[in-house]
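Report on the following structure.
Read-outs throughout are calculated quantities, based only on the coordinates presented, and are distinct from any laboratory measurement. Every value quoted in this text rests on a predicted model; they were computed, and no experiment measured them. Methodologically, a virtual Cβ is constructed for each residue, glycine included, from the backbone with ideal geometry; neighbour enumeration extends over all protein chains shown.
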Amino acid sequence: VLFRSEEGMAVNMAVVVPSGVVGFITDVYPHSARVQTILDPRSAIGILVQRPESRLSGVVKGNGNTPRTPSMVNIARDGDVLVGDKLITSG
């Protein structure tokens, strides 16, 4: 739960920290807001692999089978993704 919603937070706004995307705001209250994280199976976010040789696009979504590990889906079967690649989004 975030605090200080009176300072301009709104439903569907992204929640981002220096290390990346956390999720998005689902509810706003006078002094707080509720966040749905990208680990939630109902969440999905469009991404690109940042490595110039790849630039593969796909979707990262919550995985109900392994709740602490999101899945990358909708990628090319021969997609070039390496362990450690950074994923970026424009959202």
What does the convex hull of the Cα atoms of the chain come to per residue, in Å³, rounded to a whole number? 107
Applying a 10 Å radius around every beta-carbon, put 73-80, 35-42 in order of their mean neighbour count, most first. 35-42, 73-80
Once phi is turned into θ = phi - 60°, what whole-Hz ³J(HN,Hα) does the Karplus curve with 6.51, -1.76 and 1.60 give for every residue of the range 41-52, x standing for Gly and Pro? x, 7, 8, 8, 9, x, 9, 10, 6, 6, 4, x
Neighbours of N63 by Cβ distance under 12 Å: Lys/Arg at +1, Asp/Glu at -1, summed charge +2
